[in-house]
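The values are calculated or read from the model by the stated rules, or taken from the named source; none is laboratory data. Everything numeric here is computed off the predicted structure, so don't read it as measured data. Quick reminder, even Gly has a Cβ in these numbers, built from the backbone with ideal geometry, and neighbours come from all protein chains shown. Side chains included, ligands, DNA and RNA excluded: accessible areas come from the protein's heavy atoms. Shrake-Rupley method; radii C 1.70, N 1.55, O 1.52, S 1.80 Å.
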Amino acid sequence: MGMRTLPRSNLKLLIVDDDPNTRTLLSEALEGRGADVRASASAREARQTLVLWHPDLMISDVGMPRENGYDLIRRVRDLPPSEGGRIPAIACTGYARAEDRARAMDAGFDAVVAKPVDLDLLVETIVHVAGVREPGAGGEAGAGDDTGRKSAPDS
């Protein structure tokens, strides 16, 4: 069985994590699967990249200093769609209890992947959420039902 592939080549992924090793690991793994990746070390840097680069999807740690991932996604969801407010987003977190997953989803993430990251599961989750908030993709995730949002199972 080969590596799980992304929904299209050159998918623009924004990775947000304060840990340089995690940024490097995820960047290299996803670039190896055809993605165009930019990595940010902070929520502030991520917001700047989001507005300037217009990625297709964001993967963010939630436990970051100063501004955490929950605050980041809330601020992103307050942006107009033209500035990235509807970007599909995956929370990547070491906090994997059911209530932690619910908190991430309530904050505005579309899916949750636990750390340490299972790369195949992450790619599967990217494939699942890549079109969740695209204009014309059948409505906003979570509006009326839960079909557009997913909490990845623990491995």
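Quick notes
- For residue 76, the criteria (1) touching a residue at least 40 places away in the same chain (Cβ under 8 Å); (2) of a type in the set (Val, Ile, Thr); (3) more than 23 Å from residue 24 (Cα to Cα) hold in every case but one, which is (1).
- Complete set of residues in the stretch 68-113 that are among the hydrophobic types (A, V, I, L, M, F, W, C), open to solvent by less than 20 Å² (accessible area, probe 1.4 Å) and not in a helix (DSSP H, G or I): 87, 89, 90, 91, 92, 109, 111, 112, 113
- Given (1) surrounded by 13 or more Cβ atoms within 10 Å (Cβ to Cβ); (2) modelled with pLDDT under 95; (3) closer than 18 Å to residue 119 by Cβ, number of the condition residue 36 does not satisfy: (2)
- Residue check for residue 46: part of a helix (DSSP H, G or I) and either open to solvent by 10 Å² or more (accessible area, probe 1.4 Å) or of a type in the set (A, V, I, L, M, F, W, C) (or both): yes
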